[in-house]
Amino acid sequence: STNTLQFGQRSMAVKVQSKVTEIVDHAKLAAKLQQLLDQKQSTIDELEVKLTRQQQITDDLLARQRRDASELDEQHAEELERLRQEGASDEKLRSVAAQHAVERDNLAEQQREEMAYTAERRANEVRLEADEQVAAASERAAA
């Protein structure tokens with residue numbers, strides 16, 4: 001009948017929307033979020049300690065390099081003064097001064113290489129740490 005066909009058309013026009021009612025345990029959620037927050041804070045604290053230690057290593061290295069350069073300059077000055085007092089010729093003084101300049105350049109090059117090596121070693125340590133953290137995060141996500 002016509003009424004049946006109209007009913008069928010109206011029935012087909014009806015859209016069913018289902019909703020999943022989810023019950024949230026706020027206490028469990030809060031505990032889980034607090035645990036994640038504590039883990040992040042622990043990681044931040046560890047990184048701050050490492051950064052402080054690395055900065056101290058760099059500061060110590062720079063201080064030692066400055067001290068070495070200063071001692072070398074003092075030795076050179078003392079040697080030149082001693083040669084002047086002994087009456088060394090100007091040519092001898094220039095030769096010794098040139099030798100001192102070469103020694104100073106060599107020291108500066110060694111210090112640059114040492115600083116580059118320290119920076120490279122630090123970068124490798126950071127990469128290893130990052131890889132370990134990624135692996136740990138992957139393990140936690142899998143669990």
Residue within segment 125-143 that is among the basic types (Lys, Arg), part of a helix (DSSP H, G or I) and at pLDDT below 90 present: yes
Residues of segment 51-76 satisfying the condition of being hydrophobic (A, V, I, L, M, F, W, C) and free of Cβ contacts under 8 Å to residues at least 60 places away in the same chain: Leu51, Leu61, Leu62, Ala63, Ala69, Leu72
Test for Arg82: is it basic (Lys, Arg) and either open to solvent by less than 60 Å² (accessible area, probe 1.4 Å) or under 21 Å from Arg112 (Cα atoms) (or both): no
Scope segment 108-135; condition hydroxyl-bearing (Ser, Thr, Tyr) and either more than 18 Å from the chain's Cα centre (by Cα) or exposed (fewer than 12 other Cβ atoms within 10 Å of the Cβ) (or both); matching residues: Tyr117
From Gln35, Gln17, residue being part of a loop (DSSP other than H, G, I, E, B), over 26 Å from Arg121 (Cβ atoms) and of a type outside the set (Phe, Trp, Tyr): Gln17
Scan of segment 104-124 for residues that are among the charged types (D, E, K, R) and without any contact (Cβ under 8 Å) to a residue 12 or more places away in the chain, ordered by number: Asp105, Glu109, Arg112, Glu113, Glu120, Arg121
Qualifying residue in segment 85-100 (condition: assigned to a loop (DSSP other than H, G, I, E, B) and surrounded by 10 or more Cβ atoms within 10 Å (Cβ to Cβ)): yes
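The values are calculated or read from the model by the stated rules, or taken from the named source; none is laboratory data. Everything quoted here is computed from the prediction, not taken from an experiment. Positions of Cβ are generated from backbone atoms using ideal geometry, with glycine treated the same way; all protein chains shown enter the neighbour counts. All accessible areas refer to the heavy atoms of the entire protein, side chains included, with ligands and DNA or RNA removed. Shrake-Rupley method; radii C 1.70, N 1.55, O 1.52, S 1.80 Å.
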